[in-house]
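The structure under discussion appears below in the form of C-alpha cells.
The values are calculated or read from the model by the stated rules, or taken from the named source; none is laboratory data. Just so we're clear, the structure is a prediction, and the values are computed from it rather than from any experiment. Methodologically, a virtual Cβ is constructed for each residue, glycine included, from the backbone with ideal geometry; neighbour enumeration extends over all protein chains shown. Only protein heavy atoms, including side chains, enter the accessible area calculation; ligands, DNA and RNA are left aside. Shrake-Rupley method; radii C 1.70, N 1.55, O 1.52, S 1.80 Å.
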Amino acid sequence: MAKIANPTYDAVFKYLMQDIRVAKLLLKIVLQVESIEELIVKNNEFVVINTDELKLTRVDYQARIVPKNGEPQLVTIELQKAFQDTQVKRFRKYLGQHYTNSENYEDIEEKNNNNQNIQLKQRPLHIIQIYLLGHKLENLNSSIVRSQVKYVNVDGKIVENAEKEWFLKGLMHDMIVVQIPLLPEKPKNKVEEILSIFNHKKILTQDGHIVEINNYDDKSEEYKIIARRLQEAIVDDQVRKQMEYEDEVREEAEYQARNAQLRYEAGVEKGRAEGREEGRAEGREEGREEERTKAYQDKLEMAKKMKSDRMPIDIIIKYSGLSKDEIEKL
C-alpha cells in the first residue's frame, strides 16, 4: 500500500495540476489523444485559499493536441473538479464565458480564390470541457460519459466533411463527465486506471488529508508519475495549511447550517405548543411566524458572514437555504 495526499482537497488538486508534466499526462489519457504538444494555463482560477478568500477549483488550458489519426489542432480545455453537489448553472456560466472570450480564437492565414492575396482571419478554438464529479448523478450509471456530436441531414444520414467546417465546430463543444464514485475497483482500461487515483478507498488520517492506495508497482508509468506527485504533496507545508483551512471553512458552514435548522424546527414546535395551550389557531400561527422570522434572521446572519469571507455563492446557497437573489442583496 502507498500513502498519498487526498486529491479531493482543492489544495492538493491544485498542487497536482500545477505540474505541467502531470497535467499533460492526465489530459492526454482522459482525452484519449496521441499526444499533447503544448499546454498553457489560461484564465487561471485554481483554488486560492488564505484567511481572506476561498475560490472554487477550475483551470483552463490552451492546448495543441494531436488526435489519433488526425492533424494537430489548438483547443481550449476547461477542467473542473466538483466534489460537492454543484448547480448546473455554474457550469453553464463558465461555458458561456468561453464562447465569448476573444482569447479562445486563433489567427489563421487564408488565400483568396485566385490563390494570391493572403487574408488574416480569426477561427474559434474548439472547446473541450472535463468535469470530475465526486458525487453521483441521478440518472447515469456509467463512470465516464463522453458527448459525441453527429452532423446529419434531414433524412438522418451522416453529412460528410461536416466535422471540418469551422462554422459548425465553433458553435459546438465536446464534454467528458467523470463520476469518481462509480469508477470500478478493477480498471478495465488506462483511463479508468488513471482516474481511480481520485477514488480513495481508505482514509489513513482522522482529518482525511492522507489516503491509502494500492501499491502501484504494476501500474502504468503515467499512474506512477501522478502518484509520486501526490506523495510529494504530503510533505508540502503550504498544501497542508490549505487543507486545514478547507476543513475549517467546511466545518463552520456545516455547523451554522445545522444550528439554523435546529432553531427553525424548535421554533416551529414551540409555536405549535403555545398555540395548543391557548387553544387558539391564531396563537399557533403567530408563534410559528415569530420563530420562523427569527430562524430566517439567523440564516441571513450566517449568509452575511459566509459572504464576507468570500465563500462561493453555491456553497452559501447550500448551507443557508437562501436563494441567490436573497444572498446578493445582503
| task | Please specify each residue of the range 293-330 satisfying the condition of being part of a helix (DSSP H, G or I), farther than 16 Å from residue 255 by Cβ and not basic (Lys, Arg). | result | 293, 296, 297, 300, 308, 313, 314, 317, 325, 326, 327, 328
| query | Tell me, which residue of the range 276-314 that is at pLDDT below 75 and of a type in the set (A, V, I, L, M) is surrounded by the most Cβ atoms within 10 Å (Cβ to Cβ)? | reply | 311
| Breaking point among (1) surrounded by fewer than 21 Cβ atoms within 10 Å (Cβ to Cβ); (2) aliphatic (A, V, I, L, M); (3) modelled with pLDDT of 90 or more, for residue 5 | (1)
| remark: Within the range 150-162, of all residues that are more than 28 Å from residue 88 (Cβ to Cβ) and among the β-branched types (Val, Ile, Thr), the one most open to solvent (accessible area, probe 1.4 Å) is 154
| said: Taking the condition of being among the charged types (D, E, K, R), within 24 Å of the chain's Cα centre (by Cα) and not in a loop (DSSP other than H, G, I, E, B), how many residues in the range 203-223 meet it? | reply: 2
| request: Name, by its number, the condition in (1) polar (S, T, N, Q); (2) in contact with a strand residue (DSSP E or B) (Cβ under 9 Å, 6 or more places away or on another chain); (3) open to solvent by 70 Å² or more (accessible area, probe 1.4 Å) that does not hold for residue 147. | output: (3)
| Boolean, residue 191 is closer than 26 Å to residue 60 by Cα, assigned to a helix (DSSP H, G or I) and modelled with pLDDT of 90 or more | yes
| Which ones in the range 20-53 are modelled with pLDDT under 90 and either of a type in the set (D, E, K, R) or touching a Gly at 6+ places or on another chain (Cβ under 7 Å) (or both)? | 42, 45, 52, 53
| query | Taking the range 252-270, which residues are open to solvent by less than 40 Å² (accessible area, probe 1.4 Å) and within 22 Å of the chain's Cα centre (by Cα)? | reply | 253
| message | So, in the range 163-186, exactly how many residues are within 16 Å of residue 141 (Cα to Cα) and either in contact with a Pro (Cβ under 9 Å, 6 or more places away or on another chain) or open to solvent by 30 Å² or more (accessible area, probe 1.4 Å) (or both)? | response | 4
| field | Pick from the range 234-266, criterion in contact (Cβ under 8 Å) with a residue 60 or more places away in the chain and either touching a Leu at 6+ places or on another chain (Cβ under 7 Å) or outside any helix (DSSP H, G or I) (or both), ranking: farthest from residue 315 (Cα to Cα) | value | 236
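Among residues belonging to the range 229-251 that are open to solvent by less than 70 Å² (accessible area, probe 1.4 Å) and of a type in the set (D, E, K, R), point out the one that is modelled with the highest pLDDT. Walk me through how you get there before you give the answer.
First, pick out the residues of the range 229-251 that are open to solvent by less than 70 Å² (accessible area, probe 1.4 Å): 229-231, 233-234, 236, 239, 242-243, 245-247, 249.
So of that shortlist, the ones also of a type in the set (D, E, K, R) come out as 229, 236, 246-247.
Working: 229: 94, 236: 91, 246: 81, 247: 82.
Taking the candidates together, the pick is 229.
Looking only at strands (runs of 3 or more DSSP E) that lie completely in the range 68-169, which have at least 3 residues being at pLDDT below 80?
Output list reads 105-111, 118-124.
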